[in-house]
Every structure is written in structure tokens, then in C-alpha cells.
Amino acid sequence: MSDATTPAMISVQNLGRSYPTPAGEVPALRGVTFDIPVGSFAALAGRSGSGKTTLLNCIGALDLPTSGRVQIGGDEITTLSEAERTRLRRTRISFIFQTFGLLPMLSAAENVGLPLRLERRTTAERQSRVRHLLELVGLSDHADQRPAELSGGQQQRVAIARALANTPQLLIADEPTGQLDAENGEAILDLLRTIVRTEGTTALISTHDPRVQAGADVTLRLADGVLQNGRGLV
Ligand SMILES: Nc1ncnc2c1ncn2[C@@H]1O[C@H](COP(=O)(O)OP(=O)(O)O)[C@@H](O)[C@H]1O
Ligand SMILES: [Mg+2]
């Protein structure tokens, strides 16, 4: 799929990440290599402890690998300074977490608008964008509610709207349905798929959920930090 006409959104080459522990280095990723084309809905599968979160954190510039390279839209990110990586996370890459990560004292609308505040957008611009995003995730009627007043599925929708606020090129979701029941999980996956199709975003989603893999353009499988199907598949 990845060829001269389809640029890679994510390009990972020979990636390694070890964690130092009192018992010595624990290798969490070992020689991981793959490309994900722009506009893909990609799933990352693997048992607990297989290295999914470590890989997503390295791709999303939250963590630095021990060896190897990560390129996002052709730009090498593993050699960036801390400040440059922060900038990348505010402008080009967004995260969605299993535990939603919303600020409890802020309303849904305020949570969604937070990245726009950090970017110092005008109030008018922010309000208009927040309104559009809440509509996109089906929460227009819940703008003023705080996270505790929303269901788990609704909280994850707020987190998705917030992740989209700065129109990222890449959406990374670490087990986004892990805390949701089947019905709400399915609705969140449908929403993420719709966003990839309509907004042109690329998404990489780690999961235990076979339904994510069924609807994905590509599925990467990790086992003990080794990719089972990277090279040649994408
Ligand atoms: N901060 C850490 N310190 C030491 N070992 C870690 C740390 N984070 C993860 N690990 C280890 O790295 C491996 C991969 O973990 P992780 O990336 O969280 O996998 P997954 O998300 O697939 O459950 C596991 O063996 C885990 O115990
Ligand atoms: Mg994990």
C-alpha cells in the first residue's frame, strides 16, 4: 500500500525501547519497523505487556526510544528537543487515553477548548470551533456539563473532540474503549472511523478489541516487543 504516491504518516525504523530496572534493562520494543500511510485507520494489537503503550508513546513524542527512528509526515522526531516535541504534541499529534484524561473542574466545552487556549486563539474562534467539535461528536446538548455528570462514552467523546481541536495530522488512541461497555465502545470506534474518513486524519489505535481490527485498514501485532507483521504488510 505504501508507495511513491502514498506518503507515510508514520515511519518507524528499527525501533528499540528498554526500561532500566534494578534487575537490569527490560526490552519493551525490539527492532520494530513499519510504515502507516496517510489517512489510514490502523490498529495495534497485542497482549498486555507486549509493548503497545511504549510504542504509541514513542510515536507520539511522549517518550524517546533507546534506538531507531520515528518519522511523522517525513520529519524525524526522535532528535527533537523537549520544547520541539511539546510543540509537535500541541499542533500535529493528539492522544486519546483509556481513562479519558479530562479536567474534572472544567465543563465539556472548556475541556474541548483547552488546546485552543494554549495556542492563544481568540475567544470567538475558540467558541466557534468548540461548537463545531461538540456537534461532530454528538454532544451539543452537553456542553456545560462536567465530566462527572457525563457517562463514560460521553467523556470519551469529549476527549476525542479535545484531541481534534488543533486539527492534528495524527490521532493516537491507547485502548480508547478499554473502560467502556460493548455498545459504547462500538460507538466510539464508529466515531473514530468517521473522523478518519471525513477529516483526513490518520489514526493509530491500540486495542484488545477484535472489532477494531475488523474495521481497520491495517493491523499491527506486537508480541514481547517484536512486531509480528510489520515489514511488507503496509
Ligand atoms: N516505566 C516502566 N519501567 C519498567 N518497565 C516498564 C515500564 N513501562 C512498561 N514497562 C514494561 O515494558 C513492557 C511493555 O509494556 P507496555 O508498553 O505498557 O505494554 P502494553 O501497553 O502492551 O500493555 C512490559 O514488560 C512492561 O512491564
Ligand atoms: Mg498499554
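Descriptive notes on the structure:
- Rolling a 1.4 Å probe over the heavy atoms of the protein chains gives the stretch 99-167 an accessible area of 52 Å² per residue.
- Look at where the Cα atoms of the stretch 61-104 and of the stretch 117-147 average out, and the two centres are 24 Å apart.
- Shown for the stretch 153-202 is the translational diffusion coefficient from the Stokes-Einstein equation, using the Kirkwood radius over Cα pairs, a temperature of 10 °C and a viscosity of 1.306 mPa s: 143 µm²/s.
- Set against the 2.2 N^0.38 Å expectation for a compact globular protein, the chain has a Cα radius of gyration ratio of 1.00.
- Rounded to 10°, Cα long-axis angle of helix 152-164 versus longest principal axis of the chain: 80
- Here the stretch 99-167 was treated as a single set of alpha-carbon atoms; its pair distances binned every 5 Å from 0 give 3, 21, 35, 25, 12, 3, 0 percent.
- Residues of the stretch 105-123 with amide N under 18 Å of a point placed 7 Å along Cα→Cβ from Ser151: 108
- Estimated 222 nm signal from helices in the chain, with DSSP H stretches of n ≥ 4 weighted -39500 (n - 2.57), rounded to 500: -10500 deg cm²/dmol
- ³J(HN,Hα) computed for each position of the stretch 133-146 - Karplus, 6.51 cos²θ - 1.76 cosθ + 1.60, integer Hz, glycine/proline x: 5, 5, 5, 4, 9, x, 10, 4, 7, 10, 4, 9, 7, 7
- For the stretch 173-234, with +1 on Lys and Arg beta carbons and -1 on Asp and Glu, the positive-most of Asn184, Ala223, Val212 along the dipole: Ala223
- Just the protein heavy atoms count here, and of the accessible area of the stretch 178-234 at 1.4 Å, carbon and sulfur take up 45 percent.
The values are calculated or read from the model by the stated rules, or taken from the named source; none is laboratory data. If you're wondering where the values come from, they're calculated on a predicted model, not measured in any experiment. Backbone-built Cβ (ideal geometry, glycine too); neighbour counts: all protein chains shown. Just the protein is used for accessible areas: all its heavy atoms, side chains included, with ligands, DNA and RNA removed. Shrake-Rupley method; radii C 1.70, N 1.55, O 1.52, S 1.80 Å.
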